[in-house]
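Reviewing the structure listed below.
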Amino acid sequence: MNALVATNRNFKLAARLLGLDSKLEKSLLIPFREIKVECTIPKDDGTLASFVGFRVQHDNARGPMKGGIRYHPEVDPDEVNALAQLMTWKTAVANIPYGGAKGGIGCNPGELSVSELERLTRVFTQKIHDLIGIHTDVPAPDMGTGPQTMAWILDEYSKFHGYSPAVVTGKPIDLGGSLGRDAATGQGVLFATEALLNEHGKTISGQRFVIQGFGNVGAWAAQLISEQGGKIVAISDITGAIKNSKGIDIPSLLKHAKEHKGVKGFHGGDPIDPKSILVEDCDILIPAALGGVINRENANDIKAKFIIEAANHPTDPEADEILSKKGVVILPDIYANSGGVTVSYFEWVQNIQGFMWDEKKVNSELKNYMTKGFKDVKEMCKTHDCDLRMGAFTLGVNRVARATVLRGWEA
């Protein structure tokens, strides 16, 4: 099931639980604006190349729209729509004053030189500079983009509007980026996991973890969990997978992965089939890679008691049903991986104030938001007698619906 269908399904279930009227429900789903632009640049060899850039701005009832910009060859409009909508609910669950957006350029960043990427980013910014802004829509990095991309957008945008560091987040520290932003999603996953385990009378220490994905989120989550005494027994990434029932030495693995561009060949564990990573024996499973990896084919074989969704949409609705019958507790992506957008909000706040925080303040504020967020989700679970996913969705949808009605926007 694709991301848009699943997101719409969750939204409709939440709207039904909340008893929203059908007109309001319909208007909440329709994107505020969809932008599509042609970006033509000279390549290094002098030939011209054209790419399609786009931005879906989903909702701005609660504040400026917020969401990533991805550079990827297969940019599927349905997926981008789903991710923009998901950002609307996610920012509402986190209780930060934003709505959702998502965008990108259909290109293969691996096939473009740095100067071609810079030209492409600047042309894209020229085309959308009057449609984004500090109080309108604040982009951030996503697949295939990073702090350097944000620096180019900031510079190009500032040519039109004056120096505006708050127009994008995920910037390099030297240009007003926030300390703690790099680790933020992984740090949020840690705080979310602590909140959930706390509810069940457990702590991270001594629990056995399996992590799928060793990119930014997976690597930070692994490092922070092992520092708290969690035992990581298996890890995979695109290069391969390893297992060690005594616990993998994470600092050594980080060093290995940096030198060898992946976990493959690491000697502190036995190689296993990456396909089997999700069904390895553990207490807590953290999918931190792609969407749709937990489905009806493998859901029955999952041995974990808790699943923390660090990736976007890793669990199919069919798998959700199978797992809830087995009594597996799933902490949904819309809450579990919101650490990244929460620290993006802190970065925006610091830029607007012109006053930067130290890393300790960033992390303690993040912990407050994640802890409060979990309490709010649990409250909704009690009110509507539902699981954590529906608790989070009803929380998010309700906040956006209330803002929409208060602003007098309902149809």
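The values are calculated or read from the model by the stated rules, or taken from the named source; none is laboratory data. Note that the structure is predicted; figures quoted are calculated from it, not measured. All Cβ positions, glycine included, derive from the backbone under ideal geometry; neighbour counts span all protein chains shown. Quick note on the areas: whole protein, heavy atoms, side chains included, nothing else; ligands and nucleic acids left out. Shrake-Rupley method; radii C 1.70, N 1.55, O 1.52, S 1.80 Å.
Quick rundown of the values:
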{"quantity": "All strands (runs of 3 or more DSSP E) inside the range 32-79 with 3 or more residues being among the aliphatic types (A, V, I, L, M)", "calculated": "33-42, 48-57"}
{"quantity": "Inter-residue pairs, beta-carbon under 7 Å, first of a type in the set (Phe, Trp, Tyr) and in the range 297-310, second open to solvent by less than 10 Å² (accessible area, probe 1.4 Å) and not in a strand (DSSP E or B), 6+ apart", "calculated": "306/196"}
{"quantity": "Residue tally, condition in contact with a Leu (Cβ under 8 Å, 6 or more places away or on another chain), of a type outside the set (Val, Ile, Thr) and open to solvent by 10 Å² or more (accessible area, probe 1.4 Å), over the range 318-332", "calculated": "0"}
{"quantity": "Subset tally (residues that are open to solvent by 70 Å² or more (accessible area, probe 1.4 Å) and more than 18 Å from the chain's Cα centre (by Cα)) for the range 355-369", "calculated": "7"}
{"quantity": "Verdict on residue 217 being at pLDDT 95 or above and open to solvent by less than 70 Å² (accessible area, probe 1.4 Å)", "calculated": "no"}
{"quantity": "Residue count for the range 18-27, restricted to those that are open to solvent by less than 70 Å² (accessible area, probe 1.4 Å) and either aliphatic (A, V, I, L, M) or touching a residue at least 60 places away in the same chain (Cβ under 8 Å) (or both)", "calculated": "4"}
{"quantity": "Among the candidates 14, 101, 84, residue that is part of a helix (DSSP H, G or I) and either polar (S, T, N, Q) or touching a His at 6+ places or on another chain (Cβ under 8 Å) (or both)", "calculated": "84"}
{"quantity": "Residues of the range 69-114 satisfying the condition of being surrounded by fewer than 24 Cβ atoms within 10 Å (Cβ to Cβ), closer than 19 Å to residue 169 by Cα, touching a Pro at 6+ places or on another chain (Cβ under 9 Å) and not basic (Lys, Arg)", "calculated": "97"}
{"quantity": "In the range 327-347, the residues that are more than 18 Å from residue 369 (Cα to Cα) and in contact (Cβ under 8 Å) with a residue 24 or more places away in the chain", "calculated": "328, 329, 330"}
{"quantity": "Qualifying positions in the range 87-98 - in a loop (DSSP other than H, G, I, E, B) and of a type outside the set (A, V, I, L, M)", "calculated": "95, 97, 98"}
{"quantity": "Search result, residues across the range 6-17 that are in contact (Cβ under 8 Å) with a residue 24 or more places away in the chain and not polar (S, T, N, Q)", "calculated": "6, 9, 11, 13, 14, 15, 17"}
{"quantity": "Residues satisfying the stated conditions in the range 360-388, i.e. in a helix (DSSP H, G or I) and under 22 Å from residue 22 (Cα atoms)", "calculated": "380, 383, 384"}
{"quantity": "Test: residue in the range 115-130 that is assigned to a loop (DSSP other than H, G, I, E, B) and either among the aliphatic types (A, V, I, L, M) or open to solvent by less than 10 Å² (accessible area, probe 1.4 Å) (or both)", "calculated": "no"}
{"quantity": "Breaking point among (1) buried (at least 24 other Cβ atoms within 10 Å of the Cβ); (2) under 16 Å from the mean Cα position of the chain (by Cα), for residue 142", "calculated": "(1)"}
{"quantity": "Per-region count, the range 346-392, residues touching a Pro at 6+ places or on another chain (Cβ under 8 Å) and either of a type in the set (Gly, Ala, Ser) or closer than 30 Å to residue 177 by Cα (or both)", "calculated": "2"}
{"quantity": "Selection from the range 60-76 of residues that are within 19 Å of residue 340 (Cβ to Cβ) and not basic (Lys, Arg)", "calculated": "63, 64, 65, 67, 68, 69, 71, 72"}
{"quantity": "Filter result (open to solvent by 30 Å² or more (accessible area, probe 1.4 Å) and closer than 19 Å to residue 246 by Cβ) within the range 277-315", "calculated": "281, 303"}
{"quantity": "Meets criteria (surrounded by fewer than 20 Cβ atoms within 10 Å (Cβ to Cβ), outside any loop (DSSP other than H, G, I, E, B) and charged (D, E, K, R)) for residue 9", "calculated": "yes"}
{"quantity": "Number of the exception - residue 85 against (1) under 28 Å from residue 294 (Cβ atoms); (2) touching a Cys at 6+ places or on another chain (Cβ under 8 Å); (3) polar (S, T, N, Q)", "calculated": "(2)"}
{"quantity": "Leading residue by the ranking (modelled with the lowest pLDDT) among those in the range 28-49 that are over 22 Å from residue 126 (Cβ atoms) and surrounded by fewer than 15 Cβ atoms within 10 Å (Cβ to Cβ)", "calculated": "30"}
